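Notes to accompany the following structure.
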Amino acid sequence: MKKLPQPLAGVFLDLDGTVLDSALDLYAALESVCADDGVPPPAFDVVRQVVSRGSRAILATAYPHDSNDRLIERMPGYLARYERDIAVHTRPFDGMDEALLALEERGVPWGIVTNKPGFLTDRLLAALKMDVRAASVVSGDTLPVKKPDPAPVLLACEQAGVDPARCLFVGDDRRDVEAGRAAGCYTVAVSWGYLDGGDPRTWGADLVVDTVAEFAAMLGLPVHA
């Protein structure tokens with residue numbers, strides 16, 4: 001079993017489903033689109049499960065018979081509604097903000113690596129006043145590639161000035177584990193996220209944690225979520 005890096009140089013995390021519980025706002029935008037089209041929205045739990053796959057997958061839950069091209073055509077309208085009300089219900093998962101603050105107090109930088117488009121990532125982090133705290137933010141369109149390619153993780157480590165081999169990469173999707181592992185990080189899969197119907201214990205992560213409190217305890221942080 002791979003050992004946790006000591007001393008720890010940095011912690012990098014996926015955004016939706018790992019740091020932030022954003023599903024309710026993403027769902028509200030879909031409900032709005034469905035209402036305009038006279039289409040019954042799918043159940044929240046159906047949408048929540050696919051959040052990590054992005055807006056096209058979310059739209060497909062309501063429009064399962066649409067072609068890929070038609071789903072892409074729907075995306076700008078959907079994203080405009082989401083951007084307008086991006087942080088109405090979205091909050092860090094219980095204990096996560098406390099864990100990030102504890103890392104900051106210890107001088108351990110943390111950053112975000114997400115496949116979310118940059119204009120949404122920046123707006124959301126700013127709305128929650130997390131943008132000024134993150135040592136690095138790499139979005140889905142920062143580079144020509146995104147997770148599971150390791151390049152975004154490597155860029156985040158470079159922005160923070162840390163060695164990937166001494167860092168954690170944390171996420172709720174198989175692509176997070178693949179990207180973090182390929183970048184040389186210690187990988188942590190979390191089961192509190194959206195998961196896309198997958199089992200984190202089959203993704204090959206160095207560690208799987210079920211709660212933020214367990215994650216914090218692993219790092220020796222004083223969090224009681």
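We did not get these values from a lab; they are worked out from the coordinates using the rules stated. The structure displayed is predicted, hence computed values, not measured ones. Backbone-built Cβ (ideal geometry, glycine too); neighbour counts: all protein chains shown.
Okay, here's what the table says:
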| read-out | value |
| --- | --- |
| Relative contact order (%) - criterion: Cα under 8 Å, at least six apart; region: the stretch 36-173 | 17 |
| For the stretch 25-136: Kirkwood Rh in Å [reciprocal of mean 1/r, alpha carbons] | 15.5 |
| Restricting the stretch 60-132 to trypsin sites (Lys or Arg not before Pro) in coil, as DSSP defines it, with at most 16 other Cβ within 10 Å | Arg106, Lys129 |
| Gap separating the Cα centres of the stretch 68-112 and the stretch 202-217, nearest whole Å | 20 |
| Cα radius of gyration and Dmax for the chain (Å) | 17.1, 56 |
| Around Glu73: net Lys/Arg minus Asp/Glu count, Cβ-Cβ under 11 Å | +1 |
| Among Pro144, Pro42, Pro76, residue whose mean-square fluctuation peaks in a GNM of the chain (springs only between Cα atoms under 10 Å) | Pro144 |
| Label-point gap, in nm, between Thr211 and Ala127 - each point 7 angstrom along Cα→Cβ | 2.9 |
| Linear extension gain, Val39 paired with Leu143, 0.36 nm per residue minus alpha-carbon span | 33.9 nm |
